[in-house]
Each structure stands twice: as structure tokens, then as C-alpha cells.
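One structure below.
Here, each number is a calculation from the coordinates, and none is a lab measurement. Bear in mind the structure is a predicted one, so any value in this text is a computation, not a measurement. Here the Cβ positions follow ideal geometry from the backbone for every residue, glycine too, while neighbour counts run over all protein chains shown.
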Amino acid sequence: MTRQAWVLGAASNRFGKMKETGREAASRVALEAIQMAGLDPNEIGYTFVSNAFGVAERQAHIGPLINTALGIPEVPSHTVESACSSSSAALHDAYVHVAGGFLDAALVVGVEKLSHLDTLNATSYFAMGADYPFESHNGATFPGLYATIADAHVKRYGTETEQLGSVAVKNHLNASLNPHAHFQKPITMDTYLNSPVIASPLRLYDCCPFSDGAAAVVVVAAEKYPNPGMEPLVIRASARAGSIAAMHDRPELTGLPASQRASQVAFKQAKVEPSQIDFMEVHDCFTIAELVALEDMGFFPRGEAGKATAEGLTARDGKLPVNPSGGLKAKGHPISATGASQVVEIFEQFNGMAGGRQVPKSNVALAHNVGATGSSASVHIFSRR
Ligand SMILES: CC(C)(COP(=O)(O)OP(=O)(O)OC[C@H]1O[C@@H](n2cnc3c(N)ncnc32)[C@H](O)[C@@H]1OP(=O)(O)O)[C@@H](O)C(=O)NCCC(=O)NCCS
């Protein structure tokens, strides 16, 4: 049995440096999302939490703390970890339970706080999400691993520096209109080109920053909430896929098989074609990742996404707006909050709450979230009722 499931409330704080602890921020955005959905916390049947690096705050098992703050300590919870795709994996779990008839309302909360660590320590924590003994232990970091993907893409397809830069310029512009964003200033191509190289060919502005942040999403069974106060997101597809973790074991580096598989399953579940997607939030932890995602999911032929981006096709007012929120690149990337925050953006777009970054058309949208260098991926597709 499956029944229709909706996202009925979604909230996020401003990404960047949080004064609050992770548990405080998570509890606050969770309450906001529940209230936006028009629910009482007592209606929540289960809390799916993501907090991959909670140990950096000396706090594991954060779910019961969030539920206690919400006044529902008796509600069960557990932590879902899938590196950078943790909260989209939690959303998948919530969807399966609600659509499967096991829960009428579920809460998804993602939170991360690492801003008290310096760059070396934060990088070392994140690197634990790769294949530790083979990659991280030997010095590989995420900027380095994604630089390897970028290098392979440049060599095979002739992807140009300015094409990567056009992803950064676009996403910083979008983020400048997003009150939730870590960076709220546009950048020029010159700023991009003059920024220091982090891991060749990637520069500072090719990279997402280290961000703290929290985001929450409420998933309900449509039949139990017939008169929603907000425009719900109908969850038309919720797909996950996996792939070989270690990059040296992969036959090909210019694409992520997990994104390819998850998107194929999602398009089939939702019964929509890529051409029917009005806008999307994709996993742009590095600019190359946005181009690879667009090619993996079939929006552009291999090697063509860079040209399309440079020509403005993926701009907010382009044919296919990509990352109107500013994406991980500029809205920020608080690992476990990222997947849920992509849904917050889609919810705000569907409800006309996106202000100056409102996209022209918002009937069908896609969220794509990757764990590590693509060892896991989630694709969700949403539509209006
Ligand atoms: C790119 C990176 C190495 C820069 O770190 P850093 O050199 O220590 O930079 P700092 O934190 O000292 O910041 C220096 C300046 O650059 C800015 N900055 C830092 N990272 C930035 C980024 N990714 N994009 C744009 N600006 C950035 C800071 O705001 C700061 O600006 P200010 O001087 O005006 O205050 C770091 O942001 C990084 O590793 N990002 C990737 C994170 C990651 O791997 N996530 C997981 C992805 S799978």
C-alpha cells in the first residue's frame, strides 16, 4: 500500500556561523516547520534526525533532545547518516513510513555545527565521509577529490574555467537574494578568476564554505490533512542509490553513477521527463558537481552543462533555473542540513515566499543531494496538487 505524502511545512535558519548549539537550532527550526504545517508537535509520530558530525559538538543521539525541547519526549527518533546526503536520506525514510501507512506525520531535521573548528580540523572531520583508509588517511580531502573529478571533466570534455566560474557567479547572485544564505553578496567573474587555487583546477569560489545550519521538513499523509494551510509539495518520487565509495575503484570519474541511478528511478516513480522539471536544487558542493549533476540526470548531454550555464540557461530567469537558493556554493553547506534545506527552498518557491529569487514557473521541481563523492545520492521530485 502506498498513499500520497506531502511536505506541509519547511523551515531553515540562516546558514553561516551559528551562535546557538546544534540542538537549539534544530529544535527551533523544527518547531517553525511544525507550526507552518499547522500541526501541533503532538501530532508528530516519529522524528528522523541528521547530524553526521554531532560528535564535533560532543553530542550524539540528538533526536530525543530535540523531541524533549518540542515537548514530545515520548516520540521515537533516530539519526540517519549518509554524509552530505543525510537529511535527504532522512526525508526518504519519512516518506517511506508515511506513504507506507506506518505514520501520519513525521518530522525530518538536519543540523550541523562545526564553525568552532579551524579549516584543518573541519576538513579532517569531513574527510571521514570518504573511504578513510585508502583516501582520507592518505591525505585526500573533499576539495582534492572533487578537483580530480573536475580535472577528468576538463580533460575529456574541454570544460573551461569560465564555465565553472559561471556556476559560482550564478549561485552567488541567487544567494544574494536569499535571507537563509551564508554568503549574501554577488561576485563577478573577475573575482572568481582572481581567487586563489584551492586544489587545481578548483579555486576558492569553486568551493562551498564550511557552514553551520539547521533545516526541518514536516511530511504528512495527504488523506489525514485534507485542508492544508500552505501549498503542499506532493512527493511524487523519493529515490536513493549507491555507488562505489573509493574513487580509485571507479571505472569513470566524469559522472556519478549513484546520481544517474537515483534520477532514473525518480523520473520513473514520478512519471515525469526531465523536460517537465520547472526548476531544481542540485548538489553543487563544488562548481564541477553542479555540471556533473545536470549531465548525470540527463538535463544536458555529457560535456554540455558548462556551456549551457555560461549561456544563462540555468539562471533564475533562464529556461531551467538551477539552485535559485544559491546552492551549497553560496547558500552554504552545513552537511546534514543541506538535503532538508533544498526542500525548504522548493517549499518557499511553491508558496510564493522566495521574494526576489522567485522562479517564473514552479509546478514541478527536483532536489538532488549527494553523499561524499557520490557513494550515495537522493533524488526527490515534487509537484503541486
Ligand atoms: C575553500 C576553503 C579551503 C577555504 O578555507 P580557508 O582558506 O581556510 O578560508 P577562511 O575560512 O580562512 O576564509 C577566508 C575568506 O574566504 C571566505 N571563504 C571561505 N570559504 C569560502 C568559499 N568556499 N567560498 C567563498 N568564500 C569563502 C571567507 O568568508 C573569508 O572571507 P573574509 O576574509 O572576507 O572574511 C574551505 O571553505 C573549504 O574547504 N571548503 C570546502 C568544504 C567541504 O569540503 N565541504 C564538503 C564538501 S563534499
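Taking every alpha-carbon pair under 8 Å whose residues sit at least 6 apart, the chain reaches a relative contact order of 27 percent. 3J(HN,Hα) couplings calculated from phi for region 358-368 with the Karplus curve 6.51 cos²θ - 1.76 cosθ + 1.60 (θ = phi - 60°) are, in sequence order, 4, 7, x, 9, 9, 9, 9, 9, 10, 10, 10 Hz; Gly and Pro show x. Shape annotation for the chain: C-alpha extents along the principal axes are 54, 44, 38 Å, from largest to smallest. Scanning the chain for GluC sites (Glu not before Pro) lying in DSSP loops with no more than 10 further Cβ atoms inside 10 Å, the longest uninterrupted stretch between such sites is 75-251.
Peptides 87-93, 44-50 ranked from most to least packed give 87-93, 44-50, packing being the mean of other C-beta atoms within 10 angstrom over each peptide's residues. Charge dipole (Cα centre; +1 on Lys/Arg Cβ, -1 on Asp/Glu Cβ; no other charges) of region 181-235 amounts to roughly 60 debye.
Only alpha carbons enter this Debye calculation for region 190-237, each as an equal point scatterer, and the log10 of I(q)/I(0) it gives at q = 0.15, 0.24, 0.27, 0.33 Å⁻¹ is -0.63, -0.93, -1.05, -1.25. Across region 255-385, the fraction of Cα-Cα pairs farther apart than 21 Å, rounded to a whole number, is 32%. The alpha carbons of region 317-385 give a radius of gyration and a Dmax of 12.2, 35 Å, in that order. 3J(HN,Hα) along region 66-71, derived from phi through the Karplus expression 6.51 cos²θ - 1.76 cosθ + 1.60 where θ = phi - 60°, amounts to 5, 4, 5, 4, 7, x Hz, with x in place of Gly and Pro. Using Cβ point charges alone (K and R +1, D and E -1), the dipole size of region 259-385 about the Cα centre works out to roughly 260 debye. Mean silhouette area of region 187-332, derived from the convex hull of its C-alpha atoms and averaged over all directions, reads 11.3 nm².
When Rg and the Kirkwood Rh are both derived from Cα coordinates, the Rg/Rh ratio for region 169-268 amounts to 1.07. For region 51-145, averaging the sequence separation of C-alpha pairs within contact (under 8 Å, six or more residues apart) and dividing by the residue count gives a relative contact order of 25 percent.
The rule of thumb for compact globular proteins, 2.2 N^0.38 Å, goes into the C-alpha radius of gyration of region 1-146 1.13 times. Extents of region 94-246, taken as max minus min of Cα coordinates on every principal axis and listed largest first, are 54, 40, 38 Å.
Of 271/307; 155/268; 331/361; 113/361, which ones are farther than 31 Å apart at the Cα? Distance filter (> 31 Å) returns 155/268; 113/361.
Secondary-structure-derived ellipticity at 222 nm for the chain, considering helices only, amounts to -10000 deg cm²/dmol, per-run term -39500 (n - 2.57) for DSSP H runs with n ≥ 4. Simple point charges give the picture: +1 on the Cβ of Lys and Arg, -1 on the Cβ of Asp and Glu, and for the chain a dipole about the Cα centre of about 440 debye. Note on the chain: with a GNM built from Cα contacts shorter than 10 Å, the maximum mean-square fluctuation among 131, 249, 212 falls on 249. The residue list 366, 31, 52 was ranked by how far each Cα lies along the charge dipole of the chain toward its positive end, using unit charges on Cβ atoms, and 366 comes out on top. Each residue of region 194-208 is assigned a 3J(HN,Hα), and the resulting list reads 8, 7, x, 6, 9, 8, 3, x, 8, 9, 3, 7, 7, 9, 6 Hz, derived from the Karplus form 6.51 cos²θ - 1.76 cosθ + 1.60 (θ = phi - 60°), x at Gly and Pro. Here's the picture: charge each Lys and Arg Cβ at +1 and each Asp and Glu Cβ at -1 in region 211-312, and of 234, 297, 310 the one pushed furthest to the positive end of that dipole is 234.
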